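Trainee: Here you go, one structure.
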């Protein structure tokens, strides 16, 4: 094969691979754009569904849309990881090539520096012009080496940055997969609770609304109360209702800490304790609400504490139908596997109270006005 043919063949091969790479990049870019458009469509669809009537079919449609939305986000992140992986592979190749080139240049430059030492050249050369030419040549080599070193350092920085981005995307992908599992579990739980029956779903909503109305009224001081007297820390004050009640689908203590009518996170007062986290998609799942007590108060129930809902924007609020009723959980929901007894977390004055809302359901509670602070605690879903 003659020289011209080799050049033409090489050019065609370069053109082929360059074109193939560009086509692939365009296809991947278009895929990311399509996924992004679909994600936006499902986000709009979910907002539309949330504005519609609270029916079981609507809630199921929301779950289906959320599952599809998260699935698209998973696909989008996987696509980004694939693209980034390709860039990282190219960077690894370039980095190795630059490192090899630099290593070779270092050896060559060292030899040239030894050969063309300025003072030695001046002393040994018979031609000043040749000496200056050699000196300028040495300077060019050194500048070229510095430029190559800068390119090598830049490539290393870019490579490190892209690897970090890849790790971030991998973590994001794992979180998205967890969310996807959570959403599927939430749908399954709702279908299990309602048996796909609209009437049962409306009963759940009605009970939750009645409970929320009653709790808000109690915190605002609208409950009917009777002073019992002074109680000491750890003294028995009530017991958890076992099983469902008119304001609750299952036995638990709703514990609230309040200051001047404003609720606070009980974890800021309670001390650490042995617990089981059942506030997420299942007991022990990693998607549950944070359990992070940091105070000094004793707990109102015996360990091991079963923690079923946290304070604030909880997993249940974000992922289940209760988000239709309230957007902020004003206490924590807990239960004890060893005893239904409830004890005072601190000394104070005990009040027994109840509130009957629009549903006619009477929610019993006790309240303690604590002696050593301006805080008060509420204990709901209880028997005196």
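What follows is calculated from the coordinates using simple rules that are stated; it is not laboratory data. The shown structure was predicted, so the numbers you read here are calculated from the model rather than taken from an experiment. Backbone-built Cβ (ideal geometry, glycine too); neighbour counts: all protein chains shown.
Trainee: Kirkwood Rh and Cα-based Rg: tell me the resulting Rg over Rh for the stretch 206-265, rounded to two decimals.
Mentor: Numbers: Rg = 13.3 Å, Rh = 13.6 Å.
Result: Rg/Rh = 0.98.
Trainee: May I pose another question? Rounded to whole Å and sorted largest first, what semi-axes of the equivalent ellipsoid does the C-alpha gyration tensor of the stretch 203-383 yield via the square root of 5 times each eigenvalue? Before the final figure, lay out the partial values.
Mentor: On the way: eigenvalues 102, 83, 44 Å².
Square roots of five times the eigenvalues give 23, 20, 15 Å.
Trainee: Sorted by mean Cβ packing within 10 Å, highest first, what order do the peptides 225-232, 189-196 take?
Mentor: Details: 225-232: 12.6, 189-196: 14.2.
Going from most to least packed, we get 189-196, 225-232.
Trainee: Counting only DSSP beta bridges with both residues in the stretch 203-383, what percent are antiparallel, rounded to the nearest 5?
Mentor: On the way: 44 of 48 bridges.
About 90 percent, rounded to the nearest 5.
Trainee: I would also like to ask the following. Go through 212-221, 234-243, 154-163 and give me the packing order, highest mean Cβ count within 10 Å leading.
Mentor: Numbers: 212-221: 18.0, 234-243: 16.2, 154-163: 13.8.
Top of the packing list down: 212-221, 234-243, 154-163.
Trainee: Sort largest first and round to whole Å: the equivalent ellipsoid semi-axes of the stretch 282-384, each the square root of five times a Cα gyration tensor eigenvalue.
Mentor: Working from the Cα gyration tensor, I get semi-axes of 24, 20, 14 Å.
Trainee: Using the number of other C-beta atoms within 10 angstrom as an exposure proxy, rank 267, 378 with the fewest first.
Mentor: On the way: 267 18, 378 23.
Fewest to most other Cβ atoms nearby, the residues stand as 267, 378.
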